[in-house]
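> The structure that follows is given in the form of structure tokens.
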Amino acid sequence: MRLKRGGAASHLKPVTRDDHAERYGRFVGFLDQQGLLRRDGPPAANVTPENIQAYIEHRKRCVSPMTLHADIGRVRRTAKYMDPLLDLSWLVEIDKDLALEAQPRSKFGRIVFSEVLVEAGLTLFRAAEISRTMTALARAHQVRDGLMVALLAFCPIRRKNFAALELGRSFVQIGERWWIVLSASETKERRADERPINDLLTPLIDRYLDHYRPILARSTHPPSALWLSAKTGLPITDKQLATEIRNTTRATVGMAIGPHLFRTCDASTAAAHAGENPNLASALLNHTGLDVINAHYNRATSTTAADKFGQIVRQYAKHSP
């Protein structure tokens, strides 16, 4: 199933269209496996109370209430995009019921300060560097994971953007410093996000690019993606990246912290260590406040926020030079 450009969903960002297509495709795939799929009739003919109820019962055994609510919501909106005149008032009511059950898991006890995450990443990187027992590929894999954790702790951009960082385009070197440069079309906020990377990571990035990334690539002409899979040498997907980061943080700090939770950790760190600067967290996450008046100011804020936050993290990190 594909949502074509120029249709009712054309106003959505590509990542959102892809999410609609993926979730609706999963719904259709379930119907096909169960022998319930109608291949005739209008595009949204399969969105019936009976099919939705069967799908809900199936998904309840596989996913959390939050994910189930998101799944059904996407199915409903996709069906409306395909057939705007379709009456789905009954599905709106089901969606509301699922929303009541969709209580997000508490973040209490899963928040660590960003300096802990940075130290965990640096420690992992350095341990791989000095290891005498690891294979070259295993060392490169661990270096990559350590750098991902440390970099995301300094620069908490969204998971899909972080996974899609590309050398020479969204991950660039300006002078002696590395920068993350995202255009407005790439961000959820529809604002450009340009931020310098703390110079603590510069030698690690250089080492990764010069020595370890070629090992992961297994090719003299590797793809331009910053993060490569240790299994295939191909660009890592955002879901693979999330799994790697959760596994790495579970092993290093004792709890699985996904990429999105890094944003909460950084906001908490900013609030705890820089309470005198209440706008730091929102600028760091590229959010707007009521006092933000134009896109140029937003870019300037995210740039200065990255430097300010980096200074705070390094101040509180135990082993930072």
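> Residues Ala128, Ala102: which one is at pLDDT 95 or above and surrounded by 15 or more Cβ atoms within 10 Å (Cβ to Cβ)? Working first, answer last.
On the way: Ala102 fails: at pLDDT 95 or above.
On inspection, the qualifying residue turns out to be Ala128.
> On to the next question. Within segment 161-178, can you find the residues that are in a strand (DSSP E or B) and either closer than 19 Å to Phe262 by Cα or aliphatic (A, V, I, L, M) (or both)?
Just the residues of segment 161-178 that are in a strand (DSSP E or B), to begin with: 166-167, 171-174, 177-178.
Answer for segment 161-178, where residues must be in a strand (DSSP E or B) and either closer than 19 Å to Phe262 by Cα or aliphatic (A, V, I, L, M) (or both): Leu167, Val172, Ile174.
> Continuing with the same structure: Return only the number of the condition from (1) over 15 Å from Leu152 (Cα atoms); (2) without any contact (Cβ under 8 Å) to a residue 60 or more places away in the chain; (3) in contact with a helix residue (DSSP H, G or I) (Cβ under 9 Å, 6 or more places away or on another chain) that Arg246 does not satisfy.
Looking at each condition in turn, Arg246 falls short on (1).
> If you take the residues of segment 306-321 that are loosely packed, with under 14 Cβ neighbours inside 10 Å and at pLDDT 75 or above, which of them is nearest to Trp178 (Cα to Cα)?
For segment 306-321, the residue satisfying everything is Gln311.
> Further question on the same structure: How many residues does segment 203-231 contain that are at pLDDT 95 or above, of a type in the set (Val, Ile, Thr) and outside any helix (DSSP H, G or I)?
Number of matching residues: 0.
> Need the failing condition index for Ile215 against (1) in contact (Cβ under 8 Å) with a residue 24 or more places away in the chain; (2) under 16 Å from the mean Cα position of the chain (by Cα), just the number.
(2)
> Could you tell me whether Ala70 is surrounded by 14 or more Cβ atoms within 10 Å (Cβ to Cβ) and touching a Pro at 6+ places or on another chain (Cβ under 6 Å)?
Details: surrounded by 14 or more Cβ atoms within 10 Å (Cβ to Cβ): yes; touching a Pro at 6+ places or on another chain (Cβ under 6 Å): no.
Considered against the rule, which asks whether it is surrounded by 14 or more Cβ atoms within 10 Å (Cβ to Cβ) and touching a Pro at 6+ places or on another chain (Cβ under 6 Å), Ala70 comes out as no.
> In the set Leu209, Leu204, Leu226, Leu182, which member is closer than 23 Å to Lys239 by Cβ and in contact with a Leu (Cβ under 8 Å, 6 or more places away or on another chain)? Lay out the reasoning, then the answer.
Values: Leu209 fails: closer than 23 Å to Lys239 by Cβ; Leu204 fails: closer than 23 Å to Lys239 by Cβ; Leu182 fails: in contact with a Leu (Cβ under 8 Å, 6 or more places away or on another chain).
One residue alone meets the criteria, Leu226.
> Let me ask you something else. Filter segment 179-202 down to the residues that are hydrophobic (A, V, I, L, M, F, W, C) and assigned to a loop (DSSP other than H, G, I, E, B), then identify the one that is modelled with the lowest pLDDT. Give the derivation first.
Taking segment 179-202 first, the residues hydrophobic (A, V, I, L, M, F, W, C) are 179-182, 184, 192, 197, 200-201.
From what's left, assigned to a loop (DSSP other than H, G, I, E, B): 192, 197.
Values: Ala192: 88, Ile197: 95.
Looking at residues that are hydrophobic (A, V, I, L, M, F, W, C) and assigned to a loop (DSSP other than H, G, I, E, B), I get Ala192.
The values are calculated or read from the model by the stated rules, or taken from the named source; none is laboratory data. Predicted model, so just to flag it, every value in this text is computed and none were measured. Here the Cβ is made from the backbone with ideal geometry for all residues, glycine too, and neighbour counts use every protein chain on show.
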